[in-house]
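**Q** Here it is: the structure, laid out below.
The values are calculated or read from the model by the stated rules, or taken from the named source; none is laboratory data. The shown structure was predicted, so the numbers you read here are calculated from the model rather than taken from an experiment. Cβ coordinates were reconstructed from backbone atoms using ideal geometry, including for glycine residues, and neighbour counts include every protein chain displayed. Remember, those area values only see protein heavy atoms, side chains included, never the ligands or the DNA or RNA. Shrake-Rupley method; radii C 1.70, N 1.55, O 1.52, S 1.80 Å.
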Amino acid sequence: RAALKQVVQSNGNVDFALAEVEYLLILAEQRLTLMQDVETAKAALQAVDNRLAGLQAPGLDAVRGQVNADLLRLAQVPGIDYGRWIEELGELTAGAETLPLRKETQAGASPAEVAPQGWRGVLHAVWQELRDTVVITKTASSLAPLPMERHYLVQTLLLRIETTRLALLRRDTRALHDAAASTADWLRRWFDGDDARVRNSLQRLQELAPLHPAAPLPDISSSLEPLRALPR
């Protein structure tokens, strides 16, 4: 009787563990598919592998093999620390008001925009309205910027940083690269490149160039197939 009771308890523990494993596999797939959350998917699959390592039941080797194959595929996806970059862009926003403008400007130069497409058009409409309201004139000589001129230049910089942040959150690689390049170009044209804060801001924006938040994600749903095929 004691031996039979032990077998029943063992089977019950295995069934509970397999139910836990199935939940973690579903969680991993949902986080990856719906939220492009590679790190959480990897953590869930690693937890599955650790759980399976302590179980003894027929067919589990096939399940664990598929889980490890999926982990390898996830390891090949470029990792992006979104929290770090959102914080970096937040610091750029916080410091924008204190960045110094260029001491000299080219004769006849004026801020100009190329109308973006899609959702970025909303922000462009704001920039266009500001540009139509504020007339900026330049001469070949060094001039201190008028308060309204500085306000326009800083506000446009803030809007471009926000466009970059939204592109990152949307996992839109092309929009991210375009927005980061546009923000950097605005900094170079209208702000003092000799200032350490401006150079630091430009460096941060340049580091966004190699990021690919829309990198193709692997299909990890196949880990569920061998698990659900096990006899229960």
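**Q** Calculate what fraction, in whole %, of the accessible area of the stretch 164-231 sits on carbon and sulfur atoms when a 1.4 Å probe is rolled over the protein chains.
**A** 49
**Q** If you count only protein heavy atoms and use a 1.4 Å probe, how large is the accessible surface of LYS103, to the nearest 10 Å²?
**A** About 140 Å², rounded to the nearest 10.
**Q** Follow-up. State to the nearest 20 debye the size of the charge dipole of the stretch 162-227 about its Cα centre, where the only charges are +1 on K and R beta carbons and -1 on D and E beta carbons.
**A** My answer is approximately 160 debye.
**Q** Now for a separate question. Name the long-range amide H neighbours of PHE191: under 5 Å, sequence gap of 5 or more, or other chain; modelled H, no Pro or chain starts.
**A** Residues meeting the amide H criterion: ARG102.
**Q** Provide TYR82, TYR23 ordered by accessible surface of protein heavy atoms (probe 1.4 Å), highest first.
**A** Result of the area sort, largest leading: TYR23, TYR82.
**Q** When only C-alpha pairs under 8 Å and at least 6 residues apart count, what is the relative contact order of the stretch 140-223, in percent?
**A** So the answer I get is 28 percent.
**Q** Further, regarding this structure: Quick check: from the Cα gyration tensor, does the stretch 146-215 come out rounded (a/c under 1.5), prolate or oblate?
**A** The shape class here is oblate.
**Q** I'd like the Karplus ³J(HN,Hα) series for the stretch 66-73: coefficients 6.51, -1.76, 1.60, θ = phi - 60°, whole numbers in Hz, and an x wherever there's a Gly or Pro.
**A** 5, 4, 5, 5, 5, 4, 5, 5
**Q** With a probe of 1.4 Å, find how much accessible area the stretch 152-232 has per residue, and write the answer as a whole number in Å².
**A** Counting only protein heavy atoms, the per-residue value for the stretch 152-232 is 47 Å².
**Q** Determine how large the accessible area of ILE86 is when every protein chain is in place; take a 1.4 Å probe and give Å² rounded to the nearest 10.
**A** 50
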